[in-house]
Each structure stands twice: as C-alpha cells, then as structure tokens.
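To start, the structure under review is shown below, and the notes come after it.
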Amino acid sequence: MIELFKHILHLDFDWLFANFGTAIYIVLFLVIFIETGLVAMPFLPGDSLLFTAGLFARTGHLNMSYLLILLFIAAVLGDNCNYWIGRKIGVKIFDLKLKGRVLVKKEYLDKTHVFFEKYGTKAIIMARFVPFVRTFAPFAAGIGEMNYKKYVLFDILGGALWIGSLTTAGYVLGEVEFIRKHIDLVCLGIIGISVLPILLTLVQKKLGAKQD
C-alpha cells in the first residue's frame with residue numbers, strides 16, 4: 001500500500017499501468033474519491049492527476065469517456081461523503097490523533113473559512129480548483145449545515161467543471177511534445193496556479209487587518 005501511494009504521489013503512470021493494467025481506472029477513481037472525500041487526505045494529487053490522466057488518454061493508454069464519467073462520479077461522491085462527515089462529526093474530528101499526531105490540521109479549515117468569506121456559496125465551485133481547500137470546503141459546508149439541496153447543486157456543477165476542464169486540458173495538450181517530456185514541470189505549474197487565489201485572499205486579508 002505504501003508503495004502504491006508513493007507512485008501515486010509521483011504520478012508514476014507507467015508503474016500503475018504495469019502493475020494494475022485496466023484496473024488503473026479503479027485506482028484513479030479511489031484517489032479522487034479519497035482526496036475529495038476524506039478530510040484527513042488533502043495531500044493526494046488532484047489537479048495534476050487529472051491533467052496527467054488526460055494526457056495518457058491522448059496517447060491511447062486510457063479511454064477519455066471512461067475517465068470523465070468515472071472521475072466525475074468519484075468527485076461528487078467524495079464531496080458528499082465529506083459534507084456528511086462535517087455535518088455529523090463536525091469539529092470533533094480535530095481531536096482525533098494517530099501516534100500522538102493530529103489527523104486533521106485545523107489551520108486548513110481556517111483557510112477554507114477565509115475562502116468562503118470572500119466568495120460565498122460560489123466557493124463550493126471555486127474550491128474545486130484549489131488544493132487543500134478542495135478537501136475542506138465540503139467539510140466546512142457540512143459543519144455550517146449549508147442547505148443540502150443547494151450544496152449538491154453547486155457541488156455537481158463544480159465537479160463537472162473541475163473534472164472536465166483539467167482532464168480535457170491534458171488530453172488536448174497531450175499533443176505538445178514539450179509537455180509530454182516535462183510533465184513534472186507542468187504539474188508543478190498547475191499546482192502553483194491552483195493555490196494562487198487563496199494566497200492572494202490571505203494576503204489581502206492580512207493587509208486589511210493591518211490597515212484597521
């Protein structure tokens with residue numbers, strides 16, 4: 001299991017293909033579900049995984065239609081699981097520890113609240129594109145007991161945009177030789193762009209506090 005997670009974190013699709021074959025679809029499904037559904041696992045790859053999966057679909061290793069459908073279902077199911085964890089367990093989850101270390105860092109939830117304050121309900125959609133916030137947004141919505149029907153509507157729309165845009169981007173740009181040869185750099189760029197909105201929000205809030 002540790003070996004599997006190591007290769008997932010490094011987006012080592014060659015290893016995944018060699019060891020899982022067509023079962024790689026199940027692996028990708030589980031990664032997206034866990035990253036969006038378990039508040040203690042925000043460090044798993046999301047944006048970069050989708051982009052890379054789209055790239056491999058372009059090369060013929062994966063079926064694009066299967067990817068879009070399966071990963072969309074995984075993203076929506078994961079978020080809904082996370083919502084109900086927040087609604088039923090709430091802040092008690094921050095008391096859970098493993099070998100003396102907290103499983104979930106409250107600072108991530110605090111950053112998510114900042115994101116909600118700035119963007120309101122739209123944060124459910126926008127959070128899809130921000131690492132860590134993506135994992136904590138449904139959890140925060142559950143803690144705040146956001147109307148479930150409203151939450152599901154925004155969640156489905158956000159899931160479709162997230163899965164569709166990044167996977168399709170990988171598929172379309174998979175033709176570019178530079179991107180195929182430097183996928184690691186491209187993934188780092190995707191992560192950097194993804195976290196930019198919340199960094200700007202935190203900076204603006206800090207500057208505003210100083211002015212007050």
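Among the residues of region 142-196 satisfying the criterion of being modelled with pLDDT of 85 or more and among the charged types (D, E, K, R), which is nearest to Leu38 (Cα to Cα)?
Among those residues, the one meeting the criterion is Asp155.
Return the residue satisfying two criteria in turn: it lies in region 116-125 and is surrounded by fewer than 23 Cβ atoms within 10 Å (Cβ to Cβ) and within 17 Å of the chain's Cα centre (by Cα), and of such residues it is modelled with the lowest pLDDT.
Applying the filter and picking the extreme gives Phe116.
For region 127-137, which positions are at negative phi and out of contact with any Ser or Thr (no Cβ under 7 Å at 6 or more places or on another chain)? It would help to see each step written out before you state the result.
Filtering region 127-137 down to residues at negative phi leaves 127-131, 133-137.
Those that are at negative phi and out of contact with any Ser or Thr (no Cβ under 7 Å at 6 or more places or on another chain): Ala127, Arg128.
Would you please list the contacts, defined by Cβ atoms under 8 Å and residues six or more apart or on different chains, that run from a residue in region 125-146 that is outside any helix (DSSP H, G or I) to a residue that is of a type in the set (D, E, K, R)?
Pro131/Asp47; Phe132/Lys111; Glu145/Arg87
Pick out, from region 1-66, the helices (runs of 4 or more DSSP H) lying fully within it that include 1 or more residues that are of a type in the set (Gly, Ala, Ser). Before you say what the answer is, go through the steps one by one.
Details: elements: 2-9, 13-20, 24-37, 47-58.
In region 1-66, 13-20, 24-37, 47-58 are the helices (runs of 4 or more DSSP H) which contain 1 or more residues that are of a type in the set (Gly, Ala, Ser).
Only one of these conditions is not met by Val91: (1) touching a helix residue (DSSP H, G or I) at 6+ places or on another chain (Cβ under 8 Å); (2) modelled with pLDDT of 75 or more. Which number is it?
Going through (1) touching a helix residue (DSSP H, G or I) at 6+ places or on another chain (Cβ under 8 Å); (2) modelled with pLDDT of 75 or more one by one, Val91 breaks only (2).
Looking at Phe51, Phe56, which is the one that is over 20 Å from Ile124 (Cα atoms), crowded, with 18+ Cβ neighbours inside 10 Å and within 14 Å of the chain's Cα centre (by Cα)?
Phe51
The values are calculated or read from the model by the stated rules, or taken from the named source; none is laboratory data. Not measured: the values here are computed from a predicted model. Neighbour counts run over all protein chains shown; Cβ positions are idealised from the backbone, glycine included.
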